[in-house]
Amino acid sequence: MAHLHVRTNDNTKKKAMEILESLGLDLSTAINLYLEKIIISEGIPFSICRHPVCSGQQKVPDHIMEQWAREEEEALKEGKIYNAADDLFDSWDKDDAKE
């Protein structure tokens, strides 16, 4: 059996352990569940992003959805390609600053 050593904030560990205990789980079992879910989903089993919409904190406004649709259409026509996700996010930030 392998052992993991993880560094985390004391408060984070305490809060997580309280929640897990209320679910009838210990930290080791929860981490094993997480690792199994990574294997099953072949990735991180939740969204990781900077934008509040992606993280579920807010709904995408209609005008932004329309803008993204226009940009997608233009990108498909013009072959607009980003070399990294950060480049794409930066372009969104620039567009937001224009508004």
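What follows draws every value from the coordinates through simple rules; no lab data is involved. Keep in mind that this is a model prediction, so the values were computed, not measured. Neighbour counts are summed over all protein chains in view; Cβ atoms, including those assigned to glycine, are modelled from backbone coordinates with ideal geometry.
Descriptive notes on the structure:
- Electrostatic tally near Glu18: other residues with Cβ closer than 14 Å to its Cβ, Lys and Arg +1, Asp and Glu -1, net 0.
- Among Ile44, Ser22, Ala85 - extreme Cα towards positive end, dipole of the chain, charges at beta-carbon: Ser22
- Structure-derived percent of Cα pairs over 21 Å apart - corresponding label in (i) 58; (ii) 42; (iii) 62: (i)
- Using θ = phi - 60° in the Karplus curve 6.51 cos²θ - 1.76 cosθ + 1.60, the 3J(HN,Hα) couplings for the stretch 10-27 round to 4, 5, 4, 4, 4, 5, 4, 5, 5, 5, 4, 4, 5, 9, x, 10, 9, 4 Hz; x is entered for Gly and Pro.
- Only DSSP H runs of four or more residues enter the estimate; each adds -39500 (n - 2.57), and after division by the residues of the chain the mean residue ellipticity at 222 nm equals -19500 deg cm²/dmol.
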